[in-house]
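Worksheet: the structure to be examined is printed underneath.
The values are calculated or read from the model by the stated rules, or taken from the named source; none is laboratory data. Predicted model, so just to flag it, every value in this text is computed and none were measured. Backbone-built Cβ (ideal geometry, glycine too); neighbour counts: all protein chains shown.
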Amino acid sequence: MGKSTSGIFLAQALYEQGDDPMLIDADKGKTCLDWDEMAGGMPYPVVSKPVKDLHRTLPEITRGRGSVVIDVPQVEDHERIAKGALLFADLWVLPIAPSPVEVRRLFRDAVFGDFLEDMQEARQDAGRQPAGVVFLLTRTNTNRATKAGPDRDCRDELANHGFATLDAQIMFHDDMYRQSGGARVRALGTAYERAAKELKDRTPGDAR
Ligand SMILES: Nc1ncnc2c1ncn2[C@@H]1O[C@H](COP(=O)(O)OP(=O)(O)OP(=O)(O)O)[C@@H](O)[C@H]1O
Ligand SMILES: [Mg+2]
């Protein structure tokens, strides 16, 4: 939950930070494209590419951009699209609701962990560095991490499974983040601005 919203706002934050981003909407639902239209055009390019083998098509399309953000569809529905995106992207950001129960469900069977491991192996076979992996808490109660709340429990649970979580977290906020037709998107002053900075610090060197 929160993938497309995070894509739009993170790309916007990167734009505001002078990064010359491109947002690839790899979901057939075209949510990012809709945002782009409703906003009368984002100040950075939003390109719809719900195609297989993104690792082959994206190098050409994204050449010269300061950064590339991809809104990846659900793996269960569009495995080939997701796999190409994960081969291409050097940093995987995984939005998750701050519910420890959700986290437990994610790790209940080995499917999720195995999939990420398989993808890292596929990258290795393709001569690519392992991707960075980080969770992003979205729809949290608070704008900042708490010492003892569901967000904290979630971070701990993810850490138990060996996963990092961004310090920045995105609170549940109807006005700021929910799709409101035509609303102007701004990342300045939001947690997405902080998240984008953290992500830039985490991006492997060869990706920039
Ligand atoms: N922080 C937030 N606060 C309030 N509403 C939010 C927040 N983030 C996302 N939403 C709303 O929740 C809904 C789902 O968000 P979004 O479209 O980003 O999820 P998604 O993971 O891309 O979903 P899908 O799997 O359908 O592509 C949208 O209506 C969006 O506006
Ligand atoms: Mg979406």
Checklist outcome for this item: Those residues of the range 144-179 that are modelled with pLDDT under 95 and within 16 Å of ligand 2 (Cβ to nearest atom) come to a total of 3
Checklist entry - Looking only at residues in the range 110-139 that are farther than 24 Å from Leu10 by Cβ, among the aliphatic types (A, V, I, L, M) and without any contact (Cβ under 8 Å) to a residue 40 or more places away in the chain, which one is surrounded by the fewest Cβ atoms within 10 Å (Cβ to Cβ)? => result Ala110
Checklist entry - Quick check: is even one residue across the range 9-26 assigned to a loop (DSSP other than H, G, I, E, B), within 14 Å of ligand 1 (Cβ to nearest atom) and surrounded by 17 or more Cβ atoms within 10 Å (Cβ to Cβ)? => result yes
Item to check | Members of the range 40-53 found to be hydrophobic (A, V, I, L, M, F, W, C) and within 16 Å of ligand 2 (Cβ to nearest atom), listed by number | outcome: Met42, Val46, Val47
Checklist outcome for this item: Of the listed residues (Asp77, Asp71), the one being crowded, with 22+ Cβ neighbours inside 10 Å and within 16 Å of ligand 2 (Cβ to nearest atom) is Asp71
Next on the checklist: Can you say whether Ser67 is among the hydroxyl-bearing types (Ser, Thr, Tyr) and within 21 Å of Gly7 (Cβ to Cβ), as far as the supplied structure shows?
Outcome noted: yes
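Table: residues versus (1) without any contact (Cβ under 8 Å) to a residue 60 or more places away in the chain; (2) within 16 Å of ligand 1 (Cβ to nearest atom).
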position: Pro45; (1), (2): yes, no
position: Ser48; (1), (2): yes, yes
position: Asp71; (1), (2): no, yes
position: Gln74; (1), (2): yes, yes
position: Phe88; (1), (2): yes, no
position: Ile96; (1), (2): no, yes
position: Arg108; (1), (2): yes, no
Checklist entry - Any residue in the range 51-59 that is within 16 Å of ligand 1 (Cβ to nearest atom) and either buried (at least 20 other Cβ atoms within 10 Å of the Cβ) or more than 17 Å from the chain's Cα centre (by Cα) (or both)? => result no
